Amino acid sequence: MIFRDIEEYRSHFLSLIEKERREEMRRYMEEIRRLSGTKREKLGRAILNLRGKDAGHGLGGVYLIKFSRQNMPETEISVGDVVLLSKGKVSSRNPQGTVYEKGRNYIVVAFSTRPPRFLYGKGIRMDLYVSDITFRRMINALEELSYRDDLIPLLLGKEKLKETTGGKIKFFNEKLNESQRIAVERALASEKIFLIHGPPGTGKTTTLVEAIIQHVNLGEKVLATADSNVAVDNLVERLRNQVNVVRVGNPARITPSLLEHTLDYLVQFEEEYKAARKIWEEIDKLAEEREAYLKPVPQRRRGLSDDEILYLARSGRGLRGISVESMRGMAKWIEVQRKIDEKVKKAKELEEKAVRKILKGANVICATNSTAGSELLQDFHFDTIFIDEATQSTEPSCLIPLVKGRKLVMAGDHKQLPPTVMSMEARGLQYTLFERMHDIYGDKITHLLRVQYRMNEKIMGFSNLHFYNGALISHPSVRNITLKDFPLKWRLLRGWILEALRPENVVVFIDTCGRYPERQRRGSTSYENEGEAEIVESLISSLTGIGMQPHHIGVITPYDDQVELLKSRINYEGLEIKSVDGFQGREKEVIILSFVRSNTYGNIGFLWDYRRLNVSLTRAKRKLIMIGDAQTLRRDKIYDSLIQYVEKVGKVLKLCA
């Protein structure tokens with residue numbers, strides 16, 4: 001897609017962002033109706049039994065209420081989020097506010113109009129309505145983009161780019177193959193943008209990490225991001241012993257073993273931060289002292305300003321029905337509050353100074369795409385932006401880090417799953433920046449990693465032919481790996497189970513011959529298949545019975561209801577049963593894939609999303625077993641080709657009556 005100008009570009013994405021935001025709000029409301037408050041609190045999306053107190057006014061005259069509770073639970077609710085406040089039944093008509101401030105035992109919420117009186121009391125429930133902060137950061141990035149004349153031609157598809165070949169460099173990771181080395185050389189030589197196309201098992205992140213280190217070696221300041229915390233942590237893990245890397249983000253969402261590289265950990269050792277901690281202790285003592293005095297709430301101050309109360313108290317006068325004693329009590333409260341305000345300002349200045357010192361000293365800052373737009377990084381600019389798993393990030397999400405740099409390097413695979421988008425009207429967001437730039441500029445800016453290190457050649461074969469034009473090759477270390485490499489008790493197996501699990505039958509398709517029709521639960525849009533679940537259960541029981549450890553086995557199915565059904569029947573510690581989305585980026589020695597669909601009219605539903613099929617087929621290392629109704633699946637030409645492929649290189653087993 002090519003846009004005429006930046007205004008068309010902005011309006012296109014602003015519209016999609018708003019549609020996605022509305023759908024997220026609708027789904028949250030649906031969840032609020034479906035789940036109990038206790039369940040939502042456990043999920044981190046609600047807080048029960050809060051007490052609301054007036055907290056004055058904020059910038060722009062907004063009304064502030066401070067909601068507090070002893071033993072505040074862990075929560076996803078954070079500054080910038082839209083929340084619903086209720087006492088009793090929760091509905092979209094309840095008062096809505098925006099989280100203004102968050103502390104250890106309190107959350108301050110801002111309201112644009114005067115809040116109802118019931119919020120100033122006990123038993124208040126707060127529900128996360130929509131996590132608005134990422135949407136706002138996308139919108140801010142689109143606004144900032146308007147002033148970036150260096151980036152606009154690139155994003156509009158009007159940049160004149162030359163194909164880079166790269167020069168010879170000294171590699172830090174000497175184990176890189178030739179394809180990976182070329183990718184790093186070309187990324188280093190590119191001026192504006194470069195795409196590392198990494199099919200399953202080709203070492204995409206390994207290549208990206210080498211490219212990051214090479215850029216740092218040139219003296220560059222680097223920002224490395226990904227859409228998920230897991231992917232960002234993976235980058236930090238690989239970079240931490242090679243460059244000065246700082247991980248920015250909520251510590252609760254960061255892998256514990258990486259905490260020593262987080263901003264929150266590192267800042268503790270700065271003198272400015274230590275000084276700020278002492279000031280916060282002083283503030284706590286002043287806050288205790290303040291409780292002894294009369295708080296000048298609106299009904300007490302009778303329209304008097306702080307300065308008028310202080311003047312009248314010093315003069316020993318009362319006014320408007322306020323006694324001299326009350327006036328002095330309020331004046332004392334104001335005096336202590338002003339001391340607190342001064343100290344808070346000083347503490348925050350010291351903390352900010354300590355944070356900036358840490359961030360300035362880092363070669364590489366790692367964060368999620370969204371966190372790249374936080375206030376912490378507001379004034380930072382980078383030489384090169386790296387985005388891993390870029391094909392799982394929407395274009396507006398990628399813009400958040402992009403507007404902070406002059407050059408972009410992305411790694412991903414647009415032949416695998418796109419970003420998750422809730423709204424059907426916003427499906428345009430699944431066409432990622434990575435894919436769009438690839439479609440516009442092609443091989444000039446793209447390099448395909450060709451050697452895969454994950455799976456047996458026969459497991460790779462179908463995806464290689466249908467998604468990667470046969471360009472991939474298996475590394476010798478994995479080319480012929482099978483279950484023979486495990487000391488399993490094969491003699492215990494009999495019949496079709498033996499045929500399905502034989503090591504030499506690397507790829508297996510079990511045809512249910514229409515014996516097990518799909519079914520839908522009442523009110524569900526998903527599907528399940530009891531017969532396929534029985535087959536999966538038998539296979540896993542047999543695998544574990546001959547000595548295969550459950551953690552080496554993964555079960556994938558495209559349908560959530562089938563996931564639930566399988567989990568209700570099969571329970572082995574370490575065994576993973578997940579949807580296709582849950583297995584993106586993962587691998588197992590054995591993968592069992594349940595297709596579910598079986599009907600007389602040949603409807604395969606959203607199995608037609610072949611990117612999901614590609615992900616499913618490329619998770620297994622030594623054994624891939626597929627279960628489905630061939631008659632239903634073969635109505636689709638890709639699935640027909642898949643079964644033909646198994647007939648040629650593997651084993652098709654028919655479980656016909």
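The values are calculated or read from the model by the stated rules, or taken from the named source; none is laboratory data. Keep in mind the model is a prediction, meaning the values are calculated, not measured. With ideal geometry, Cβ positions are generated from the backbone for all residues, glycine too; neighbour counts draw on all protein chains shown. Side chains included, ligands, DNA and RNA excluded: accessible areas come from the protein's heavy atoms. Shrake-Rupley method; radii C 1.70, N 1.55, O 1.52, S 1.80 Å.
So here's what we get for this one:
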{"quantity": "Accessible surface of the stretch 412-502, 1.4 Å probe, proportion on carbon and sulfur as whole %", "calculated": "51 percent"}
{"quantity": "Those aspartates and glutamates that a straight Cα-Cα span of less than 15 Å connects to K274, excepting residues fewer than 8 apart in one chain", "calculated": "D264, E282, E349, E351, E352"}
{"quantity": "Enclosed volume per residue, in Å³, of the convex hull spanned by Cα atoms of the stretch 303-443", "calculated": "189 Å³"}
{"quantity": "Overall dimensions of the stretch 530-657 as given by Cα atoms, namely Rg and Dmax in Å", "calculated": "13.9, 41"}
{"quantity": "Sulfur and carbon atoms: percent of accessible area, the stretch 1-114 [1.4 Å]", "calculated": "46 percent"}
{"quantity": "Of K444/K621; K175/K578; K87/K295, pairs whose Cα-Cα distance is over 29 Å", "calculated": "K444/K621; K175/K578"}
{"quantity": "Partner aspartates and glutamates for K122 [C-alpha distance under 15 Å; skip if fewer than 8 residues away on the same chain]", "calculated": "D54"}
{"quantity": "Rounded, prolate or oblate (a/c below 1.5 giving rounded, otherwise prolate when a/b exceeds b/c) for the stretch 159-202 by Cα gyration tensor", "calculated": "oblate"}
{"quantity": "Cα-based shape type of the stretch 69-211, given that a ≥ b ≥ c are square roots of the gyration tensor eigenvalues and the cut on a/c is 1.5", "calculated": "prolate"}
{"quantity": "Overall form of the chain per C-alpha gyration tensor (a/c, 1.5; a/b vs b/c)", "calculated": "prolate"}
{"quantity": "Unsatisfied cross-links (Cα-Cα over 18 Å) in the set K66/K348; K53/K339; K66/K102", "calculated": "K66/K348; K53/K339"}
{"quantity": "Diffusion coefficient, µm² s⁻¹, Stokes-Einstein with Kirkwood Rh over alpha-carbon pairs of the stretch 130-261 at 25 °C and 0.890 mPa s", "calculated": "144 µm²/s"}
{"quantity": "Loop-resident sites, the stretch 543-606, for chymotrypsin sites (Phe, Trp or Tyr not before Pro), counting at most 11 other Cβ within 10 Å (DSSP)", "calculated": "Y601"}
{"quantity": "Cleavage-rule hits (GluC sites (Glu not before Pro)) in the stretch 542-643: DSSP loop, at most 13 neighbouring Cβ within 10 angstrom", "calculated": "E573"}
{"quantity": "Heavy-atom accessible area ranking, 1.4 Å probe, most first, across E457, E375", "calculated": "E375, E457"}
{"quantity": "Mean accessible surface per residue for the stretch 223-350, computed with a 1.4 Å probe while every protein chain stays in place, in Å²", "calculated": "58 Å²"}
{"quantity": "Accessible area, probe 1.4 Å, largest first, for residues W496, W333, W608", "calculated": "W608, W496, W333"}
{"quantity": "Full-extension gain in nm, K285 to W608, via 0.36 nm per residue minus C-alpha separation", "calculated": "109.9 nm"}
{"quantity": "All aspartates and glutamates inside 16 Å of K489 as judged from Cα atoms, apart from same-chain residues fewer than 8 positions distant", "calculated": "E499, E504"}
{"quantity": "Two-decimal Rg/Rh across the stretch 594-655, once Rg and the Kirkwood Rh are taken from alpha-carbon atoms", "calculated": "0.93"}
{"quantity": "√(5λ) per eigenvalue of the Cα gyration tensor, the stretch 236-393, largest first, Å", "calculated": "47, 16, 13"}
{"quantity": "Cα centre as origin, Lys/Arg/Asp/Glu Cβ charges: the chain dipole, Debye", "calculated": "1380 debye"}
